[in-house]
1. Could you state the principal axis extents of the C-alpha atoms in region 237-321, from the largest down, to the nearest angstrom?
2. Please work out the average accessible area per residue across region 237-321, using the 1.4 Å probe convention, and give it in Å².
3. When the chain is fully extended, how far beyond the present Cα-Cα distance does Thr283 get from Asp424, taking 0.36 nm per residue of separation?
4. How high is the relative contact order of region 358-458, in percent, counting Cα pairs under 8 Å that sit 6 or more residues apart?
5. Obtain the nm distance between the two label points defined at Arg250 and Gln264 by a simple spin-label model: each point lies 7 Å from its Cα along the Cα-to-C-beta direction.
6. Considering only lysines 8 or more places apart in sequence, or on different chains, count the pairs in region 237-321 whose C-alpha atoms sit under 19 Å apart.
7. Is the shape of region 213-362 best called rounded, prolate or oblate, per the rule: a/c under 1.5 gives rounded, else a/b larger than b/c gives prolate, else oblate, with a ≥ b ≥ c the square roots of the Cα gyration tensor eigenvalues?
8. Using the Karplus equation 6.51 cos²θ - 1.76 cosθ + 1.60 (θ = phi - 60°), what ³J(HN,Hα) coupling, rounded to whole Hz, does each residue of region 264-270 give in order, writing x for Gly and Pro?
Amino acid sequence: RNYYGGNWASFSFSGLLSWIKENQQKADITDECEDWRKLILENEDVISLTNKDKTIEHVEDFCFADQDSAEDVEEAGALPKLPVFGASGAEGVAQESEKECPRMESALPEAESREPEKAPGTEPASAVEGNDVEITSENGSSQSTALGESTPESGGAEAAPSETSAQEPKKITYSQIVREGRRFNIDLVSKLLYSRGLLIDLLIKSNVSRYAEFKNATRILAFREGKVEQVPCSRADVFNSRQLAMVEKRMLMKFLTFCLDYEQHPDEYKDYESSTFAEFLRTRKLTPSLQHFILHSIAMVSETDCSTLEGLQATKKFLQCLGRYGNTPFLFPLYGQGEIPQCFCRLCAVFGGIYCLRHSVRCLVVDKESGRCKAIVDHFGQRISANYFIVEDSYLSESVCTNVCYRQISRAVLITDQSVLNTDSEQQISILTVPPVGPGKPAVCVIELCSSTMTCMKDTYLVHLTCPSTKTAREDLEPVVQKLFNLNMEKETENEEVGKPTVLWAVYFNMRDSSGIDKNSYNGLPSNVYVCSGPDAALGNDCAVKQAETIFQEMFPTEEFCPPPPNPEDIIYDEDETAPEEAGFSNSSETKPGSSTEESSSGGSTALKKEDNEE
């Protein structure tokens, strides 16, 4: 690939158009060296690798915005085609996309669209010092709270829906989206970080968090009786809620308090261990609306497949994550989820890690006597030897994967003109679970991002929809899109609900979920070849962190996984060694388009940092 992160990557708008074209065409990769088999010795076998990426299928994109004059529009601030660090700058290496969605470049000055590049090792303006989370906005205001306490975000515990349907949303054309394409950072996989999840702990422990900043998700939403509502989840939210009666508030607080230490009260649930969580909730004297909120918006589990214990565990995890960095359990990285793999790449590069983009691998070379893998052969006919080989599942050929049964993830990405729930604050990061629209259909997770996350242009929202696949992504997700959004740029018809956001552009695709597959399911892989999966369908990142640690411990059982790196000033170099910064790292970090004053003034980002005395 010509970008970092694989299926975890983020793209600008033009970069995503190139990715769409690439996956719709599925062109073969040609060998630059056709006689590479001459490099294989008599005592060696070959395990061929596939030259087609089959992890993405059924890619369909649609433009609903006015695109009459889009062909002659150039993307502002596009960079020349230089090597870039990370997929979020994919427009620098993306191939020319389809004519109706062209990749545009311009020699316009970059000063206004890009923020100054940070020097390596410098700390962000806002940081978490020790046990304090300091959230500093760009206008200088800040607030600090101890970890474990609630940090209200802009908009308050529950922002009241705006009574004035406000001004009508500005009409956004396709040419504007293309022109502002570099302000988009569109994730292939949609996830959030649990504030007490494994990934946050790893980012802090390894000090990789220095390379990223985060925003707290501002609200949890629910879709009930055809309407989007805000869900009260913290104590402050519950008692400030206008949609719950006082009796319901007491019911909800009593149940959530029970869930926090449900293990201490087995008599309360042991008779329902074989029941579903939904059936257990019906026995708890909760109103239908409370049952809906808990099942779909707090536990976020299936109504039919989730056991009582699984539901209680999910609810407890949600509640334990509340208040660490804000009023919801979730964080989102500025510039998109694709920043996370790049952050680990950056730290690895500081200490000598090397990454080769646009560099295909033809085969694994296996020693017949020992059965271990000795080397790989690339498409230049170059043989590269190593002791360990980590291969993403998508590289393996069908002959190796004959016994593997894959799941699929249905994904949709929308650019819309307004939020699914308008409030006084436009800068909201929302998560919404839409219950199954019919028998056999899965629940759909919807994450809506505002422009202050640096993932979309001003006056637009970026909406991600995700669910386990039952059919193609469009067949799975379009019914939910039609419930929440208008697909027509013209004035709403009588059958459409006034005030629903309008979809400006959309893409649907299916992504392979190769998580949870045992290595023994792959045919004939040597013991020193380790397989890692692509993204899974879960909201969090625990699966990827566990998998990475498991592979590392199998290779190096006596070593610590992702230990804290030494401070640069504590490293003693030999005379013939070069400091990592001098080796070019200071030029590898790609700068990002800056946000406008209106976008950034709604609330600052959060940087994670561990205590000085933390081991």
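1. Rounded to whole Å, the extents work out to 35, 26, 24 Å.
2. Details: 4310 Å² over 85 residues.
Result: 51 Å² of accessible area for each residue.
3. Length gained between Thr283 and Asp424: 47.0 nm.
4. About 13 percent, as a whole number.
5. 2.2 nm
6. So the count of such lysine pairs works out to 8.
7. On the way: a/c = 2.48, a/b = 1.91, b/c = 1.30.
Note, shape of region 213-362 comes out prolate.
8. 7, 10, x, 5, 6, 10, 5
The values are calculated or read from the model by the stated rules, or taken from the named source; none is laboratory data. Here the structure is a predicted model, which is why all the values come from computation and not from measurement. Note that we place each Cβ from the backbone using ideal geometry, even for glycine, and neighbour counts take in every protein chain shown. Note: areas computed on protein heavy atoms with side chains; ligands, DNA, RNA excluded. Shrake-Rupley method; radii C 1.70, N 1.55, O 1.52, S 1.80 Å.
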